[in-house]
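Each remark here refers to the structure printed beneath this line.
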């Protein structure tokens with residue numbers, strides 16, 4: 001059985017992934033949560049498909065950035081991710097301002113997207129984890 005971090009540790013890692021990426025944006029940027037950290041059950045085939053594991057995720061608005069700079073700011077996040085050990089999974093530009101990448105070191109996903117109103121949001125999610133970490137045998 002593969003060892004996992006706890007859901008609380010996953011929430012901390014999500015915050016770190018987002019904070020590190022946002023540092024690549026202009027200093028005027030601020031994070032505004034779109035809601036609380038979310039926990040969802042996940043089906044991990046490595047443990048026989050147990051539904052006892054969870055994924056942890058959170059999405060936040062990127063405020064303080066002019067909408068006319070959205071493409072440039074998405075480029076900055078993209079450049080940060082590809083230069084810092086992330087593999088781009090989806091890049092829907094130029095049709096949509098939406099990029100998703102996965103950290104090659106811990107399999108956390110990060111994404112940035114523009115809303116229909118032109119606001120940017122950034123999010124991150126964990127791989128499947130046991131809520132209290134790897135159960136003891």
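The values are calculated or read from the model by the stated rules, or taken from the named source; none is laboratory data. Fair warning: this is a prediction, and the values are worked out from it, not measured in the lab. Glycine also receives a Cβ, built like all others from the backbone with ideal geometry; neighbour counts cover every protein chain displayed.
Structure above, values below:
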item: Qualifying positions in segment 78-93 - in contact with a strand residue (DSSP E or B) (Cβ under 8 Å, 6 or more places away or on another chain), exposed (fewer than 15 other Cβ atoms within 10 Å of the Cβ) and in a helix (DSSP H, G or I); result: 82
item: Residue satisfying condition, being touching a helix residue (DSSP H, G or I) at 6+ places or on another chain (Cβ under 9 Å), at pLDDT 95 or above and more than 17 Å from residue 65 (Cβ to Cβ), within set 88, 112, 99, 129; result: 88
item: Residue that is surrounded by the fewest Cβ atoms within 10 Å (Cβ to Cβ), among those in segment 105-137 that are over 23 Å from residue 40 (Cβ atoms) and within 16 Å of the chain's Cα centre (by Cα); result: 114
item: Residue under evaluation residue 75, criteria (1) at pLDDT 95 or above; (2) part of a loop (DSSP other than H, G, I, E, B); (3) farther than 23 Å from residue 6 by Cβ, criterion not met; result: (2)
item: Residues that are in contact (Cβ under 8 Å) with a residue 24 or more places away in the chain and either within 16 Å of residue 58 (Cα to Cα) or out of contact with any strand residue (DSSP E or B) (no Cβ under 9 Å at 6 or more places or on another chain) (or both), drawn from segment 115-130; result: 118, 120, 121, 122, 123, 124, 125, 126, 127, 128, 129
